[in-house]
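Inspection log for the structure reproduced underneath, given as C-alpha coordinates.
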Amino acid sequence: MDIAARNDEVRLSQGESFTERLLFVGIGLVCCVFSIPHFVADAQNGRLPLVAMAVLLVGCVILAGAIFRRNIVWIISPDGILIGEQRPFGRLNSRMIKREEITQMHLRQDDRLANFHLAFTTASGDTLTSPPLPDVTHVHDTTVRVARLLALPEPASADNPLDAVNPEMRLGKPIKLKTGEGNRLLIVLLASVLSIPFAYALWHGELSALGAAVWTLGLIVAAVLFRYAHRMSGTYWIIRGNEIQVERLSLSGKPEAETIGAGDVSAIDIQNSSDGGNPHVIIIRLRDDRRIRSPELASKSQALAVRGEIVRRLNIAPDAAKPADSCTSLLQ
(Lines give C-alpha, C1' and ligand atoms only; values in the text may rest on other atoms or scores of the structure.)
Protein backbone atom coordinates (compact mmCIF):
# COMPACT_ATOMS: atom_id res chain seq x y z
CA MET A 1 0.00 0.00 0.00
CA ASP A 2 1.70 3.14 -1.19
CA ILE A 3 0.12 6.15 0.48
CA ALA A 4 2.23 9.16 1.38
CA ALA A 5 2.68 9.61 5.12
CA ARG A 6 1.95 12.91 6.86
CA ASN A 7 3.02 14.29 10.20
CA ASP A 8 -0.58 14.64 11.43
CA GLU A 9 -1.47 10.96 11.17
CA VAL A 10 -0.91 7.64 12.94
CA ARG A 11 -0.33 4.43 11.00
CA LEU A 12 -1.12 0.98 12.36
CA SER A 13 -0.40 -2.10 10.27
CA GLN A 14 -0.69 -5.87 10.51
CA GLY A 15 0.55 -8.58 8.21
CA GLU A 16 3.75 -10.04 6.82
CA SER A 17 6.41 -8.52 4.61
CA PHE A 18 7.26 -10.07 1.25
CA THR A 19 10.38 -11.70 2.73
CA GLU A 20 8.41 -13.24 5.59
CA ARG A 21 5.82 -14.61 3.18
CA LEU A 22 8.55 -16.19 1.05
CA LEU A 23 9.95 -17.86 4.18
CA PHE A 24 6.57 -19.34 5.09
CA VAL A 25 6.00 -20.48 1.50
CA GLY A 26 9.36 -22.26 1.59
CA ILE A 27 8.53 -24.00 4.86
CA GLY A 28 5.13 -25.08 3.53
CA LEU A 29 6.63 -26.41 0.30
CA VAL A 30 9.28 -28.39 2.19
CA CYS A 31 6.59 -30.03 4.34
CA CYS A 32 4.53 -30.92 1.28
CA VAL A 33 7.48 -32.20 -0.79
CA PHE A 34 8.78 -34.46 1.97
CA SER A 35 5.36 -35.79 2.98
CA ILE A 36 3.98 -36.73 -0.46
CA PRO A 37 6.44 -39.64 -1.18
CA HIS A 38 5.83 -41.12 2.30
CA PHE A 39 2.10 -40.67 1.82
CA VAL A 40 2.17 -42.59 -1.49
CA ALA A 41 4.47 -45.33 -0.15
CA ASP A 42 2.30 -45.96 2.92
CA ALA A 43 -0.86 -46.02 0.81
CA GLN A 44 0.64 -48.56 -1.60
CA ASN A 45 1.72 -50.82 1.29
CA GLY A 46 -1.74 -50.76 2.82
CA ARG A 47 -0.70 -48.69 5.83
CA LEU A 48 -2.61 -45.67 7.06
CA PRO A 49 -0.28 -42.69 6.38
CA LEU A 50 -1.14 -40.76 9.52
CA VAL A 51 2.23 -39.01 9.96
CA ALA A 52 2.49 -38.12 6.26
CA MET A 53 -1.08 -36.81 6.30
CA ALA A 54 -0.36 -34.65 9.33
CA VAL A 55 2.82 -33.18 7.79
CA LEU A 56 1.03 -32.58 4.46
CA LEU A 57 -1.85 -30.86 6.25
CA VAL A 58 0.54 -28.60 8.18
CA GLY A 59 2.35 -27.71 4.95
CA CYS A 60 -0.92 -26.86 3.18
CA VAL A 61 -2.07 -24.68 6.10
CA ILE A 62 1.23 -22.77 6.11
CA LEU A 63 1.07 -22.29 2.34
CA ALA A 64 -2.54 -21.10 2.46
CA GLY A 65 -1.78 -18.65 5.24
CA ALA A 66 1.25 -17.22 3.44
CA ILE A 67 -0.64 -16.83 0.16
CA PHE A 68 -4.09 -15.69 1.26
CA ARG A 69 -3.59 -13.87 4.59
CA ARG A 70 -4.41 -10.18 4.25
CA ASN A 71 -2.23 -7.20 5.05
CA ILE A 72 -4.10 -4.45 6.87
CA VAL A 73 -3.19 -0.82 7.43
CA TRP A 74 -5.03 1.92 9.29
CA ILE A 75 -4.24 5.57 8.64
CA ILE A 76 -5.75 7.74 11.36
CA SER A 77 -5.95 11.46 10.60
CA PRO A 78 -8.15 14.40 11.63
CA ASP A 79 -10.51 13.43 8.80
CA GLY A 80 -11.13 9.94 10.18
CA ILE A 81 -9.76 6.43 9.69
CA LEU A 82 -8.72 5.10 6.30
CA ILE A 83 -8.70 1.29 6.38
CA GLY A 84 -6.91 -0.61 3.62
CA GLU A 85 -6.84 -4.38 3.12
CA GLN A 86 -4.91 -6.27 0.49
CA ARG A 87 -3.96 -9.87 -0.26
CA PRO A 88 -0.76 -10.70 -2.15
CA PHE A 89 -1.27 -10.06 -5.86
CA GLY A 90 -4.78 -8.88 -5.05
CA ARG A 91 -6.56 -5.57 -5.42
CA LEU A 92 -6.44 -2.97 -2.67
CA ASN A 93 -9.76 -2.59 -0.85
CA SER A 94 -10.17 0.57 1.18
CA ARG A 95 -12.88 2.40 3.04
CA MET A 96 -13.05 5.64 4.99
CA ILE A 97 -14.62 6.00 8.43
CA LYS A 98 -15.26 9.70 8.89
CA ARG A 99 -14.52 11.32 12.21
CA GLU A 100 -18.19 12.28 12.67
CA GLU A 101 -19.18 8.59 12.53
CA ILE A 102 -16.96 7.62 15.50
CA THR A 103 -18.57 7.96 18.92
CA GLN A 104 -16.18 6.18 21.31
CA MET A 105 -12.65 4.86 21.57
CA HIS A 106 -11.38 2.18 23.95
CA LEU A 107 -8.00 0.61 24.60
CA ARG A 108 -7.91 -3.19 24.59
CA GLN A 109 -5.16 -5.56 25.59
CA ASP A 110 -4.54 -8.97 24.08
CA ASP A 111 -3.35 -10.83 27.18
CA ARG A 112 -2.11 -13.81 25.21
CA LEU A 113 0.25 -11.78 23.01
CA ALA A 114 0.68 -8.73 25.26
CA ASN A 115 -0.48 -6.48 22.39
CA PHE A 116 -2.64 -3.37 22.65
CA HIS A 117 -5.40 -2.44 20.19
CA LEU A 118 -7.70 0.55 19.74
CA ALA A 119 -11.41 -0.25 19.51
CA PHE A 120 -13.77 2.31 17.97
CA THR A 121 -17.55 2.36 18.19
CA THR A 122 -19.43 3.99 15.31
CA ALA A 123 -22.80 5.70 15.30
CA SER A 124 -24.32 2.61 13.69
CA GLY A 125 -23.23 0.49 16.64
CA ASP A 126 -20.39 -1.32 14.86
CA THR A 127 -17.08 -1.92 16.65
CA LEU A 128 -13.80 -1.67 14.72
CA THR A 129 -10.61 -3.07 16.26
CA SER A 130 -7.30 -1.72 15.02
CA PRO A 131 -4.08 -3.63 14.31
CA PRO A 132 -1.70 -3.82 17.30
CA LEU A 133 -0.08 -0.59 18.45
CA PRO A 134 3.49 -0.67 17.10
CA ASP A 135 5.45 0.35 20.21
CA VAL A 136 4.58 -1.28 23.53
CA THR A 137 6.62 1.37 25.39
CA HIS A 138 4.53 4.25 23.96
CA VAL A 139 0.99 2.92 24.19
CA HIS A 140 -0.16 5.90 26.28
CA ASP A 141 1.37 8.50 23.95
CA THR A 142 -0.08 6.80 20.85
CA THR A 143 -3.54 6.56 22.42
CA VAL A 144 -3.51 10.23 23.44
CA ARG A 145 -2.35 11.28 19.98
CA VAL A 146 -5.12 9.30 18.27
CA ALA A 147 -7.75 10.72 20.63
CA ARG A 148 -6.63 14.27 19.84
CA LEU A 149 -6.58 13.63 16.09
CA LEU A 150 -10.18 12.38 16.17
CA ALA A 151 -11.34 14.89 18.82
CA LEU A 152 -12.42 12.07 21.15
CA PRO A 153 -12.13 11.76 24.95
CA GLU A 154 -8.99 9.95 26.03
CA PRO A 155 -9.80 6.35 27.02
CA ALA A 156 -8.90 4.89 30.39
CA SER A 157 -5.23 3.98 30.67
CA ALA A 158 -4.29 0.31 30.44
CA ASP A 159 -2.13 -1.53 32.93
CA ASN A 160 1.05 -1.58 30.88
CA PRO A 161 4.20 -2.11 33.00
CA LEU A 162 6.36 -1.51 29.90
CA ASP A 163 5.04 1.96 29.10
CA ALA A 164 7.69 4.67 29.08
CA VAL A 165 5.43 7.05 31.05
CA ASN A 166 5.92 4.84 34.13
CA PRO A 167 8.71 5.97 36.48
CA GLU A 168 9.58 2.27 36.74
CA MET A 169 9.21 -0.16 33.85
CA ARG A 170 8.65 -3.69 35.12
CA LEU A 171 9.59 -6.71 33.08
CA GLY A 172 8.47 -10.18 34.17
CA LYS A 173 6.75 -11.21 37.37
CA PRO A 174 7.91 -10.68 40.96
CA ILE A 175 10.06 -13.55 42.17
CA LYS A 176 8.43 -15.90 44.70
CA LEU A 177 10.10 -18.61 46.76
CA LYS A 178 7.26 -21.06 46.09
CA THR A 179 8.12 -21.03 42.38
CA GLY A 180 11.58 -22.43 43.05
CA GLU A 181 10.20 -24.96 45.51
CA GLY A 182 7.66 -26.05 42.91
CA ASN A 183 10.47 -26.57 40.40
CA ARG A 184 12.35 -28.74 42.88
CA LEU A 185 9.28 -30.82 43.65
CA LEU A 186 8.63 -31.35 39.94
CA ILE A 187 12.24 -32.46 39.37
CA VAL A 188 12.05 -34.96 42.24
CA LEU A 189 8.75 -36.38 40.95
CA LEU A 190 10.05 -36.76 37.39
CA ALA A 191 13.30 -38.35 38.55
CA SER A 192 11.37 -40.79 40.75
CA VAL A 193 8.92 -41.79 38.01
CA LEU A 194 11.64 -42.23 35.39
CA SER A 195 13.71 -44.31 37.85
CA ILE A 196 10.97 -46.92 38.34
CA PRO A 197 11.88 -49.05 35.26
CA PHE A 198 15.58 -49.01 36.19
CA ALA A 199 14.84 -49.88 39.83
CA TYR A 200 12.58 -52.73 38.71
CA ALA A 201 15.34 -54.10 36.45
CA LEU A 202 17.89 -53.81 39.25
CA TRP A 203 15.59 -55.64 41.71
CA HIS A 204 15.23 -58.55 39.30
CA GLY A 205 18.89 -58.58 38.36
CA GLU A 206 18.21 -57.54 34.78
CA LEU A 207 19.87 -54.11 34.79
CA SER A 208 22.53 -54.00 32.08
CA ALA A 209 25.69 -51.92 32.14
CA LEU A 210 24.19 -49.53 29.60
CA GLY A 211 21.02 -49.18 31.66
CA ALA A 212 23.05 -48.49 34.80
CA ALA A 213 25.04 -45.81 32.96
CA VAL A 214 21.88 -44.15 31.64
CA TRP A 215 20.26 -44.25 35.09
CA THR A 216 23.35 -42.75 36.71
CA LEU A 217 23.58 -40.01 34.11
CA GLY A 218 19.89 -39.19 34.58
CA LEU A 219 20.30 -38.92 38.35
CA ILE A 220 23.30 -36.62 37.90
CA VAL A 221 21.28 -34.38 35.58
CA ALA A 222 18.39 -34.37 38.06
CA ALA A 223 20.80 -33.42 40.89
CA VAL A 224 22.18 -30.50 38.87
CA LEU A 225 18.68 -29.31 37.97
CA PHE A 226 17.63 -29.65 41.62
CA ARG A 227 20.55 -27.47 42.70
CA TYR A 228 19.72 -24.74 40.17
CA ALA A 229 15.92 -25.05 40.48
CA HIS A 230 15.59 -21.67 42.19
CA ARG A 231 17.58 -20.00 39.40
CA MET A 232 15.14 -21.52 36.92
CA SER A 233 12.45 -19.27 38.41
CA GLY A 234 13.78 -16.51 36.15
CA THR A 235 14.40 -12.85 36.84
CA TYR A 236 12.35 -9.74 37.48
CA TRP A 237 13.59 -6.45 36.01
CA ILE A 238 12.77 -3.00 37.36
CA ILE A 239 14.02 -0.40 34.88
CA ARG A 240 14.45 3.04 36.40
CA GLY A 241 16.31 6.16 35.38
CA ASN A 242 20.05 5.37 35.21
CA GLU A 243 19.75 1.83 36.57
CA ILE A 244 18.16 -1.60 36.23
CA GLN A 245 17.38 -3.67 39.31
CA VAL A 246 17.47 -7.40 38.60
CA GLU A 247 15.75 -9.58 41.20
CA ARG A 248 16.09 -13.37 41.34
CA LEU A 249 16.49 -16.26 43.76
CA SER A 250 19.88 -17.47 44.93
CA LEU A 251 20.84 -21.15 44.77
CA SER A 252 19.57 -21.52 48.33
CA GLY A 253 16.24 -19.88 47.50
CA LYS A 254 16.87 -16.51 49.12
CA PRO A 255 15.79 -13.37 47.19
CA GLU A 256 18.69 -11.32 45.90
CA ALA A 257 18.91 -8.15 43.83
CA GLU A 258 21.61 -6.67 41.60
CA THR A 259 21.71 -3.11 40.35
CA ILE A 260 23.11 -2.48 36.88
CA GLY A 261 24.20 1.01 35.88
CA ALA A 262 25.25 2.46 32.55
CA GLY A 263 28.93 1.95 33.37
CA ASP A 264 28.38 -1.79 33.87
CA VAL A 265 26.93 -2.40 30.39
CA SER A 266 29.09 -3.55 27.49
CA ALA A 267 26.35 -4.34 24.96
CA ILE A 268 22.65 -5.15 24.72
CA ASP A 269 21.58 -8.00 22.45
CA ILE A 270 18.22 -9.42 21.41
CA GLN A 271 17.84 -13.15 20.87
CA ASN A 272 15.08 -15.68 20.34
CA SER A 273 13.89 -17.30 23.51
CA SER A 274 15.46 -20.65 24.34
CA ASP A 275 11.93 -22.10 24.11
CA GLY A 276 11.81 -21.23 20.41
CA GLY A 277 8.85 -19.66 18.69
CA ASN A 278 8.23 -15.92 18.55
CA PRO A 279 9.19 -14.81 22.11
CA HIS A 280 12.45 -12.87 22.41
CA VAL A 281 14.71 -11.96 25.31
CA ILE A 282 17.04 -9.05 25.95
CA ILE A 283 20.57 -10.02 26.97
CA ILE A 284 22.72 -7.43 28.73
CA ARG A 285 26.42 -8.16 28.46
CA LEU A 286 28.35 -6.68 31.37
CA ARG A 287 31.94 -5.48 31.31
CA ASP A 288 32.95 -8.42 33.51
CA ASP A 289 31.79 -10.76 30.68
CA ARG A 290 28.64 -11.89 32.49
CA ARG A 291 25.32 -12.04 30.66
CA ILE A 292 21.94 -11.34 32.20
CA ARG A 293 18.82 -12.53 30.37
CA SER A 294 15.55 -10.69 30.66
CA PRO A 295 12.14 -12.30 31.08
CA GLU A 296 10.51 -13.19 27.78
CA LEU A 297 8.92 -10.57 25.54
CA ALA A 298 6.11 -11.52 23.17
CA SER A 299 7.83 -10.48 19.92
CA LYS A 300 10.92 -8.96 18.38
CA SER A 301 9.18 -5.60 17.98
CA GLN A 302 8.47 -5.50 21.72
CA ALA A 303 12.07 -6.46 22.49
CA LEU A 304 13.36 -3.70 20.20
CA ALA A 305 11.09 -1.14 21.86
CA VAL A 306 12.11 -2.14 25.39
CA ARG A 307 15.79 -2.18 24.45
CA GLY A 308 15.46 1.33 23.03
CA GLU A 309 13.89 2.54 26.27
CA ILE A 310 16.66 0.88 28.30
CA VAL A 311 19.28 2.66 26.19
CA ARG A 312 17.47 5.96 26.73
CA ARG A 313 17.02 5.54 30.48
CA LEU A 314 20.59 4.44 31.10
CA ASN A 315 21.83 7.23 28.83
CA ILE A 316 23.97 4.76 26.88
CA ALA A 317 25.40 5.61 23.49
CA PRO A 318 23.16 4.09 20.77
CA ASP A 319 26.05 2.04 19.40
CA ALA A 320 26.41 0.28 22.76
CA ALA A 321 23.51 -1.92 21.79
CA LYS A 322 24.26 -4.56 19.22
CA PRO A 323 22.89 -3.52 15.81
CA ALA A 324 19.73 -5.38 14.87
CA ASP A 325 17.47 -5.48 11.87
CA SER A 326 14.89 -2.75 12.06
CA CYS A 327 11.24 -3.71 11.91
CA THR A 328 10.26 -3.41 8.30
CA SER A 329 6.90 -2.15 7.23
CA LEU A 330 4.27 -4.81 6.92
CA LEU A 331 2.66 -3.10 3.99
CA GLN A 332 4.88 -1.98 1.16
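Over region 15-79, with the other protein chains present, what is the accessible area per residue in square angstrom, probe 1.4 angstrom?
Details: 4030 Å² over 65 residues.
For region 15-79, the per-residue accessible area is 62 Å².
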Listed residues Q14, L217, P155: farthest to the positive end of the dipole of the chain (Cβ charges): L217
Those aspartates and glutamates that a straight Cα-Cα span of less than 15 Å connects to K98, excepting residues fewer than 8 apart in one chain: E9, D79, D126
Residues with amide H under 5 Å from that of F116, placed H, sequence gap 5 or more: D110, L133
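For the chain, take N as its residue count and report Rg(C-alpha) divided by 2.2 N^0.38 Å.
After normalising by residue count via 2.2 N^0.38 Å, the value is 1.30.
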Report, to the nearest 10°, how far helix 300-314 tilts away from the longest principal axis of the Cα atoms in the chain, using its own Cα long axis and a range of 0 to 90°. 80
Rounded to the nearest 500, what is the 222 nm mean residue ellipticity of the chain from helices alone, with -39500 (n - 2.57) per DSSP H run of 4+ residues and division by all residues? -12000 deg cm²/dmol
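Just the number please: accessible area per residue for region 226-317, 1.4 Å probe, all protein chains included, in Å². Each step should come with its number before you reach the end.
Values: 4320 Å² over 92 residues.
Accessible area per residue, region 226-317: 47 Å².
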Net charge near L133 (other residues with Cβ under 14 Å of its Cβ; Lys, Arg +1; Asp, Glu -1) is -1
Gaussian network model of the chain, Cα within-10 Å springs - most flexible of T121, T143, T216: T216
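Run the dipole for the chain about the Cα centre, Lys and Arg Cβ at +1, Asp and Glu Cβ at -1, nothing else charged, and hand back the magnitude in debye, nearest 20.
On the way: 35 positive and 34 negative charges, 74 e Å.
Using Cβ point charges on Lys, Arg, Asp and Glu, the chain gives about 360 debye.
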Amide H neighbours of L207 under 5 Å, at least 5 residues apart or on other chains, H built in the peptide plane: list them. L202
Return one number: the angle in degrees, 0 to 90 and rounded to the nearest 10, between the long axis of the Cα atoms of helix 139-149 and the longest principal axis of the Cα atoms of the chain. 20
May I ask which of K178/K300; K254/K300; K173/K254 have a Cα-Cα span longer than 23 Å here? K178/K300; K254/K300
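With a 1.4 Å probe and every protein chain kept in, tell me what percent of the accessible surface of region 135-284 is carbon plus sulfur.
On the way: 5250 of 8550 Å².
Accessible surface attributable to carbon and sulfur in region 135-284 totals 61 percent.
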Note the angle between two axes, namely the Cα long axis of helix 18-44 and the longest principal axis of the Cα atoms of the chain, as a number of degrees from 0 to 90, rounded to the nearest 10. 50
Given H placed 1.01 Å from N in the peptide plane, which residues other than close sequence neighbours of S157 have an amide H under 5 Å from its amide H? none
The chain, Gaussian network, Cα under 10 Å: of A267, A317, A298, the residue fluctuating most is A317
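The values are calculated or read from the model by the stated rules, or taken from the named source; none is laboratory data. All of these numbers come straight from a predicted model, not from anything done at the bench. When we count neighbours, we look across all protein chains shown, and the Cβ atoms used for this are built from the backbone with ideal geometry, even at glycine. Heads up: the accessible areas ignore ligands, DNA and RNA and are worked out on the full protein's heavy atoms, side chains in. Shrake-Rupley method; radii C 1.70, N 1.55, O 1.52, S 1.80 Å.
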